[in-house]
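See structure below.
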Amino acid sequence: MPLALAQLQDIGDRISDRLRPWSRSAEFWVRAADIYTSYKVCQLRAGFVKDEEEREAMWEQQHELGAQKMYSLCSELGGLFLKAAQILGKPDLAPMAWVKRLVTLCDKAPATPVDVVRDVVEKQFGKSFDDIFECFDVEPVGSASIAQVHRARLKLSKTDVAVKVQHPGAEKLMMVDIRNMQAFALFLQKYDINFDLYSATKEMEKQICYEFDFVREAKAMERIREFLRVTNKKKPPVIVPRVIPEMVLVMEFIEGTPIMNLGNEMAKRGIDPGGKIATMAKQKILTDLTLAYGQMILKDALLDYGQVKAMPEDLRLAYANLVIAMADDDFLRTKESFREIGIETWSIADNELEELFQLSLRMFDTRLPPGVTAMSPFAEDSSLNKVGVQSFPEELFSVLRTIQLLRGLTVGMGLRFSCAQQWKPIAEEALLNCKIKKAAEKFCQATVFE
């Protein structure tokens, strides 16, 4: 009898696994349709209200309602939607009501039970858990949508390490989620948003696959670690954790405090978070952070390399040209750079060059106008309402997301900071090296011909 019950339970589990993607998709579409229609109804009602303050009050109420619904969708479905919450929970991309709700979901994914973690680790390394670690913290340091991190100590070397373990089954569910998001993106860009959202979701699909490849991530860490060592004669501006040889993904553990807790940490040490010393320290950290993409702690350490991406050479140089154009406030060069990059636009604005330049700042620079703390590409006053983006290179969305993260940090730390101006010397050097290389190649060809 127990055997028969066990077999029935196994059959039930298999059926549940088969039906889970379908039920998950249905739940997403029901919730997404609810959020979307509530906003369209509010938009329709607001159109009949003449008083501006009354309209603003209507929209604030709608944003509060939408934020609660979006929070429920992301927290209850988890997976890719937790990652979406991390992207949307920035003051430059979403209404403040959304930001306040979604920001609480960062690193708050449900943790995988420690007994499952033990099984995953033993299967990966082919050794007993107790043979590998002298001690292992049961509670993870953090748990995100793809993996969680535990602090541990290696038995042989006595080294404190961070052990990154994937959530079993997460990749399969994320592929289901991304297909639904791609379909929704196609709908939005057809009827509501003048931007190539579908290409964004295609790049997101690639990046998700990268994040599940821990071997690739480990190699990226070592490559960037070596790059920073070679290109800095004295001391590298940031720390990159050392990957433990033949242990993917286990790295040296670095003590620190998340960058968004920087103000509290300074206050504990008797430093005024709004004073000159604190401002100089924050400015230095942000300057260091523009060197690469990752999560930051007080020791200026880059920790997360799941989405490291190398840009194609022609796109890298075209982007370098755009960086210089933004830093110099060069409207015409910005338009030429857009064309060179492969960003196709249409415009209904009389001042097309100026609107195109403003759009470039919203997408590719952290600079904010005086008194402004939020500058979303999709805001009502956005240049996207005058200049539509028909086509956008997928490879460039990783840059776009990095800029949004940097701008969120800039706003959160109360600083005025332009990554375009910081990157201008690097961009000029890249273009100069390209010219030198081409000149050398022409000289070699001419010599051979003679």
Open item on the list: A 22 angstrom limit on the alpha carbon distance is what I want to check against. Which of Lys309/Lys424; Lys83/Lys309; Lys233/Lys435; Lys335/Lys424; Lys123/Lys202 exceed it?
Closed with: Lys233/Lys435; Lys123/Lys202
Task: Relative packing of 231-244, 388-401, which averages over residues the other C-beta atoms within 10 Å, highest first - done: 388-401, 231-244
Task: region 126-220: radius of gyration and largest Cα-Cα distance (Dmax), Å - done: 18.7, 60
Open item on the list: What's the ranking of 212-218, 112-118 by average number of surrounding C-beta atoms within 10 Å, highest first?
Closed with: 212-218, 112-118
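Quick note: the coordinates plus some simple rules give every number you see, no bench work behind them. A quick note: this is a predicted structure, and the numbers were derived from the prediction, not measured. Here Cβ is always computed from backbone atoms with ideal geometry, including for glycine, and neighbour counts include all displayed protein chains.
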